[in-house]
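All remarks here apply to the structure that follows.
The values are calculated or read from the model by the stated rules, or taken from the named source; none is laboratory data. Source: prediction; values computed, not measured. Note: ideal-geometry Cβ built from the backbone for every residue, glycine included; neighbour counts use all protein chains shown.
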Amino acid sequence: MAKYSPTKNEKFTFGLWTVGNVGRDPFGGPVRPQLTPVQIAKLLGSVGGVHGINFHDNDLVPIDATPAEKAKIVKDFKKALADNGLCVPMATTNLFGDPIFKDGAFTSGDARVRAYALQKTMAAMDLGAEFGAKTYVFWGGREGAETDAGKDPTEGLKHFRDALNFLCQYSMQNNYGFRFALEAKPNEPRGHIYLATTGNMLGFIETLDYPEMVGVNPEVAHEAIAGLNFTHHVAQAIDAGKLFHIDLNDQVPGRYDQDFRFGAADIKQAFFLVKLLNDHGYNGSLHFDAHAYRSEDYEGVKDFARGCIRSYMILKEKAARWNADKEIQALRAEINVADAKLDKLFSNFSDDAVKTLKAIKFDRPKLGARGLPYEKLDQLTMELLMGIR
Ligand code: GLT
Ligand code: MN
Ligand code: MN
């Protein structure tokens with residue numbers, strides 16, 4: 001493990017709901033006993049290299065806890081965090097588990113449900129702030145529809161916008177300093193979830209009252225479920241300055257929501273993702289929003305957690321090796337032909353630039369006939385990943 005131990009630069013986090021996942025699925029009940037938040041902190045402390053634990057309000061405090069019960073839970077968990085050298089970088093709200101949210105929370109057609117969702121989220125923000133969280137995630141698992149017969153989808157968007165605008169102000173009023181991170185998913189638990197991809201979220205953010213407070217929390221599995229290229233979505237978020245948080249896991253496209261250990265399903269995709277994050281100096285949380293196979297006991301859950309971290313660190317090393325590989329870089333240079341004069345033309349629109357561009361004679365057949373060495377480059381990438389380079 002030593003060689004691939006995390007450095008201070010990797011803020012690896014897990015959720016109370018991820019390592020605490022008891023293995024329930026639509027066809028069977030729990031296979032592991034429910035751990036308390038204190039026990040989960042201890043488990044993660046023993047894994048090694050974990051920076052923090054994130055939670056939904058009700059992962060920590062049950063929805064019907066009395067104020068006295070809540071105070072004791074909070075006190076005990078704070079002590080467990082300190083004892084295990086952990087912090088809480090991110091918090092969020094469970095707006096999907098209780099039957100009241102069966103037809104949405106912020107986007108419900110019922111004004112009373114929307115108001116309750118706001119009330120619940122304000123209380124959850126208070127709780128997150130008490131633990132020092134600075135990122136606040138919004139995953140709207142129930143914000144969608146099975147049929148559009150019940151509601152005009154533009155109404156759903158309007159309600160969601162109103163809720164976020166209200167909550168941005170609530171964060172500012174209380175000086176919580178939260179940055180909101182919106183997490184997209186195309187389906188599950190709803191047949192169709194509104195704002196299905198990270199790209200949809202990025203467009204929506206620009207319609208908010210405080211867009212600078214709001215970014216995205218892309219999750220590997222969520223773009224993969226839809227068969228999309230996750231790395232491209234993360235790239236768009238980076239380009240927009242909106243990558244506030246990231247959920248790492250894995251997923252076979254076209255299946256149910258699997259939330260596998262990071263790197264478990266598509267190592268090549270995971271490699272290009274880790275490379276992108278490192279090439280662009282992403283230094284936010286690396287949150288493993290995944291859970292152990294249903295076959296595991298809690299020793300297996302530790303293996304799962306260590307596996308997530310270890311795969312990330314191995315891929316980080318591979319990415320550095322790839323960047324330093326002379327043959328690989330030479331092939332890259334062959335594909336990406338630079339031309340300072342032409343680039344200058346594109347970057348400054350002027351009458352002169354238009355005239356010059358129109359007058360250039362391109363050897364179209366020659367440019368079209370040029371072979372691009374992707375086969376060789378991709379094979380070298382694979383050989384590096386397979387460990388013989
Ligand atoms: C839930 C979901 C995740 C979200 C979590 C935050 S909860 O497990 O599948 O993708 O990130 O609400
Ligand atoms: Mn998921
Ligand atoms: Mn997630």
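Overview of values
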read-out	value
Considering residues of segment 94-131 that are within 16 Å of ligand 2 (Cβ to nearest atom) and in contact with a helix residue (DSSP H, G or I) (Cβ under 8 Å, 6 or more places away or on another chain) only, the residue nearest to Lys8 (Cα to Cα)	Asn94
Subset of segment 194-204 [touching a strand residue (DSSP E or B) at 6+ places or on another chain (Cβ under 8 Å) and either within 16 Å of ligand 3 (Cβ to nearest atom) or of a type in the set (Phe, Trp, Tyr) (or both)]	Tyr194, Leu195, Thr198, Met201, Phe204
Among the candidates Val274, Val234, residue that is closer than 26 Å to Ile205 by Cα and buried (at least 24 other Cβ atoms within 10 Å of the Cβ)	Val274
Residue within segment 147-168 that is more than 16 Å from ligand 1 (Cβ to nearest atom), outside any loop (DSSP other than H, G, I, E, B) and among the aromatic types (Phe, Trp, Tyr) present	yes
Among the residues listed as Glu212, Glu206, the single one being free of Cβ contacts under 8 Å to residues at least 24 places away in the same chain, closer than 21 Å to Pro153 by Cβ, surrounded by fewer than 15 Cβ atoms within 10 Å (Cβ to Cβ) and of a type outside the set (A, V, I, L, M, F, W, C)	Glu206
Single condition Ala123 does not satisfy, out of (1) within 16 Å of Tyr170 (Cα to Cα); (2) under 23 Å from the mean Cα position of the chain (by Cα)	(2)
All positions within segment 170-193 that are away from ligand 3 (no atom under 16 Å from the Cβ) and not in a strand (DSSP E or B)	Tyr170, Ser171, Met172, Gln173, Asn174, Asn175, Tyr176, Gly177, Phe178, Gly191
Matching option when the condition is in contact with a Pro (Cβ under 8 Å, 6 or more places away or on another chain), within 30 Å of Asn283 (Cβ to Cβ) and at pLDDT 95 or above, among Lys79, Lys11	Lys11
Qualifying position, being assigned to a helix (DSSP H, G or I), under 30 Å from Arg32 (Cβ atoms) and either more than 13 Å from the chain's Cα centre (by Cα) or of a type outside the set (S, T, N, Q) (or both), among Val234, Val274, Val252	Val274
Selection within segment 176-185 - out of contact with any Pro (no Cβ under 8 Å at 6 or more places or on another chain) and within 11 Å of ligand 2 (Cβ to nearest atom)	Lys185
Checking Asp257 against (1) more than 15 Å from ligand 1 (Cβ to nearest atom); (2) part of a loop (DSSP other than H, G, I, E, B), the condition it does not meet	(1)
Filter result for the condition that a residue is under 21 Å from Gly144 (Cβ atoms), of a type in the set (Gly, Ala, Ser) and either assigned to a strand (DSSP E or B) or at pLDDT 95 or above (or both), over Ala221, Ala265	Ala221
Test: residue in segment 269-287 that is among the small types (Gly, Ala, Ser) and closer than 23 Å to Phe96 by Cβ	yes
Elements of type helices (runs of 4 or more DSSP H) contained in segment 325-373, each with 2 or more residues being within 24 Å of Leu384 (Cβ to Cβ)	326-335
Helices (runs of 4 or more DSSP H) wholly inside segment 1-111 containing at least 3 residues that are under 21 Å from Asn249 (Cβ atoms)	16-19, 37-47
Among the residues listed as Gly20, Gly45, the single one being under 16 Å from Ile309 (Cβ atoms) and under 25 Å from the mean Cα position of the chain (by Cα)	Gly45
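Quick grid of which residues meet (1) touching a residue at least 24 places away in the same chain (Cβ under 8 Å); (2) under 27 Å from Pro26 (Cβ atoms):
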{"residue": "Leu127", "(1), (2)": "yes, no"}
{"residue": "Gly141", "(1), (2)": "yes, yes"}
{"residue": "Asp152", "(1), (2)": "no, no"}
{"residue": "Ala163", "(1), (2)": "yes, no"}
{"residue": "Cys168", "(1), (2)": "yes, no"}
{"residue": "Asn187", "(1), (2)": "yes, yes"}
{"residue": "Tyr194", "(1), (2)": "yes, yes"}
{"residue": "Thr198", "(1), (2)": "yes, yes"}
{"residue": "Leu202", "(1), (2)": "yes, no"}
